[in-house]
Amino acid sequence: MDKVDLIATAAFGLEASVAYELKQLGYTDQHVEPGRITFRADYTAIARANMFLRVADRVLLRVGEFPASTFDELFDGVRYLPWGDWLAEDAYFPVDGKSVKSTLTSVPAVQGVVKKAIADAMAERYGRATSPETGDRAKILVSLLEDVATLTIDTSGEGLHKRGYRPLNVTAPLKETLAAGLISIARWFPDRPFADPLCGSGTLPIEAAMIAQKIAPGKLRRFDAEHWPVLPAQLWRDVRTEALDKEDRRVEFDIQGSDIDPTVLEYARKHADVVGLGRRIRFEQTAVKDFKPTSEYGWIITNPPYGERLGTAAEVEELYRQMGEAFQADAPTWSVYVLTGYERFERFYDKVAAKKRKLYNGQIRCDLYAYPGPRKPRFTVLEMPTDLPTEEATD
Ligand SMILES: C[S@@+](CC[C@H](N)C(=O)[O-])C[C@H]1O[C@@H](n2cnc3c(N)ncnc32)[C@H](O)[C@@H]1O
């Protein structure tokens, strides 16, 4: 089968997690750069990457790449790429663009030239004066970086964070892809307890439970490339079958989410219900200061408010103080990972993190503060009974 060049885009700081996911899917021919992992694979990878990648933002098909420092070079380069191989005759193809360190700086002008060149190529291919654009969407992206143009078609459509389990609008939810990325960085495994004591609409517990039961992140949604004539419907059916085969609803786990706000917990329960996890994740209304895990050696992964979007500075500082007291006193064997954009977090949490990872929550620069817990002992040391008979006595 022919190979294609695909690009899995990733939020800054999550590239290694996406590269790892791709390797797990068998895509080892890859090149990792800031914000994107380019990989070469056969056509089925278009469907499989969209269906199974938890951390990537979207999957792009690279149609071509060439130097372009003038509009003529850009037009000619785009015009002779094989658009007709990918786009349906009536495809609706909006063009998005960006330009970094390049001579062509006007993004609207760049988009206009690309649009015209693709329209010309399509008109020639199908022998019509204009492209009707009445069909399914295929979003084109032109990226200029140091005078090299990369032309891609977005195979995902909606960003991959849109899993399809969050129909309800909530304040400041964590993106599902970032939540999965935090779980990946924290190296949580499903045999360990998991808690998010400030869980809001439940994104972290739901993503953790989906990982535990190997529920494909794309299971509940559709992708733009499903409409592409070049990709047979059977390919997508096969990938959906693969997703169902991989899923294992018998996996037991200990995952909980709590929050002070009963309304967001209602959302969390509803979202978990959509994935069929409603009864498996424990959601409880609890203030973080009262958080007391009943098990040991678990993982807390959480993103508390940090002033920019929710709460004043004094409120978040008091909250971090409460988190520090509760987690350090009542969960001493747990590993704790906190994502916040509040730079003085450690001061109020009253502990310096073992590691800090720079990440972005949307446009907001954040750090993931890591406090790995002690290792779980492999063997239980049995106390010697004190009333064993002495050697003399047994003689
Ligand atoms: C940034 S939001 C978490 C968003 C969540 N990760 C999601 O995906 O929806 C922070 C959450 O902390 C909760 N919270 C604030 N103060 C709290 C407290 N004292 N105890 C427990 N939860 C609290 C808020 O109700 C809010 O839902």
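No value in this document is a laboratory result; all are computed from the given coordinates. All values reported here derive from a predicted model rather than from experimental measurement. Note that we place each Cβ from the backbone using ideal geometry, even for glycine, and neighbour counts take in every protein chain shown.
Most exposed first by the Cβ proxy, i.e. fewest other Cβ within 10 Å, how do His271, His227 rank?
Ordered by Cβ neighbours within 10 Å, fewest first: His227, His271.
For the stretch 3-154, list log₁₀ I(q)/I(0) at each q in 0.14, 0.16, 0.19 Å⁻¹, using the Debye formula over Cα point scatterers of equal strength and ignoring solvent, two decimals each.
Once normalised to I(0) and log-transformed, intensities are -0.71, -0.90, -1.16.
Quick one: which of 202-214, 363-375 comes out on top by average Cβ neighbours within 10 Å, and what's the full order, highest first?
Put in order of decreasing packing, that is 202-214, 363-375.
For the charge dipole of the chain, defined by +1 on Lys and Arg C-beta atoms and -1 on Asp and Glu C-beta atoms about the Cα centroid, which residue among Ala314, Ala41, Tyr369 has the Cα displaced farthest towards the positive pole?
Ala41
When the Kirkwood radius is taken over all Cα pairs of the stretch 115-250, what Stokes-Einstein diffusion coefficient follows at 25 °C and 0.890 mPa s, in µm²/s?
134 µm²/s
Per-residue ellipticity at 222 nm for the chain, helices alone: DSSP H runs ≥ 4 residues times -39500 (n - 2.57), over residue total, nearest 500 deg cm²/dmol?
For the chain, the value works out to -9500 deg cm²/dmol.
About the Cα centre of the stretch 3-154, what is the dipole size in debye to 20, counting +1 per Lys and Arg Cβ and -1 per Asp and Glu Cβ, all else neutral?
320 debye
Using the Karplus curve 6.51 cos²θ - 1.76 cosθ + 1.60 with θ = phi - 60°, work out ³J(HN,Hα) for each residue of the stretch 76-90 in order, rounded to whole Hz, and write x for Gly and Pro.
Listing the rounded values in order: 5, x, 6, 4, 9, 7, x, 4, x, 5, 10, 8, 5, 3, 9 Hz.
Given H placed 1.01 Å from N in the peptide plane, which residues other than close sequence neighbours of Gly278 have an amide H under 5 Å from its amide H?
Amide H neighbours of Gly278, under 5 Å, 5+ apart: Asp273.
What do you get when you divide the Cα radius of gyration of the chain by 2.2 N^0.38 Å, with N the number of residues?
1.18
Tell me which residues come under 5 Å, amide H to amide H, from Val336 once H is placed; ignore anything under 5 positions away on its chain.
Ile300, Tyr371, Gly373
Calculate the spin-label point distance for Tyr126 paired with Val230, positioning each point 7 Å from the Cα along the beta-carbon direction, and give it in nanometres.
About 1.5 nm separates the two model spin labels.
Provide the convex hull volume over Cα atoms per residue for the stretch 173-227, in Å³.
Convex hull volume per residue, Cα atoms: 95 Å³.
Of the residues Thr152, Thr340, Thr130, which exhibits the maximal mean-square fluctuation in a Gaussian network model of the chain defined by a 10 Å Cα contact cut-off?
Most flexible of the set in this elastic network: Thr130.
Looking at the stretch 193-301, I'd like the Rg to Rh ratio, where Rg is from alpha-carbon atoms and Rh is Kirkwood's inverse mean 1/r.
Here the Rg-to-Rh quotient is 1.09.
Would you calculate the separation in nanometres between label points at Asp330 and Thr44, each defined as 7 Å from the Cα along the Cα-to-beta-carbon direction?
Here the modelled spin labels are 4.9 nm apart.
Counting residues in the stretch 247-335 as N, plug N into 2.2 N^0.38 Å and put the Cα Rg over that result.
1.21
Please give the helix 176-186 orientation as an angle from the longest Cα principal axis of the chain, in degrees from 0 to 90, rounded to the nearest 10.
Tilt relative to the chain: about 50 degrees.
How long are the three semi-axes of the equivalent ellipsoid for the stretch 208-259, computed from the Cα gyration tensor as the root of 5 times each eigenvalue, in whole Å, largest first?
Semi-axes from the Cα gyration tensor: 29, 14, 5 Å.
Considering only Ala233, Thr302, Pro262, whose Cα is most displaced toward the positive end of the charge dipole of the stretch 198-320, charges sitting on Cβ of Lys, Arg (+1) and Asp, Glu (-1)?
About the Cα centre, the residue reaching furthest to the positive side is Ala233.
Skipping prolines and chain starts, which residues have an amide H placed within reach, meaning under 5 Å, of the one on Ala41, given they are 5 or more residues away or on another chain?
The list, which skips near neighbours in sequence, is Val4, Leu6.
For the stretch 101-169, run through the trypsin sites (Lys or Arg not before Pro) and keep only the ones in DSSP coil with at most 12 other Cβ atoms within 10 Å of their Cβ.
Passing both the DSSP loop test and the Cβ count: Lys101, Arg128.
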